[in-house]
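Each remark here refers to the structure printed beneath this line.
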Amino acid sequence: MDTPILESEKQLSARLGIGLKVLQKWRLNGDGPPWYRIGPQLIRYKRFEVDQWVIDRAGLPDRRHNPEGYAQLIAERQAA
């Protein structure tokens, strides 16, 4: 069995091309990829879960600019 590759916040923010603060805000708001607290101040992300999260979000309308479209798409995905 392969051990999942874990990434730190810094590694993940660099790989996704986003700021560290954005990633932290996503985590606090529950909008970001799945994460794990390994220690008191040690957050890690499983690479394959982040990749799946990115794939799942591809094509989603931006909530800030199209909240109705976003809600409709989420409802359709949940019904499927």
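A short reminder: the numbers here are calculations on the coordinates, not readings from a lab. The structure presented is a predicted model; accordingly, all values stated were derived computationally and were not measured. Here the Cβ is made from the backbone with ideal geometry for all residues, glycine too, and neighbour counts use every protein chain on show.
See the values below:
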quantity	calculated
Full-extension gain in nm, residue 37 to residue 58, via 0.36 nm per residue minus C-alpha separation	4.9 nm
Counted charge near residue 36, where neighbours are those whose Cβ lies closer than 9 Å (Asp, Glu -1; Lys, Arg +1)	+3
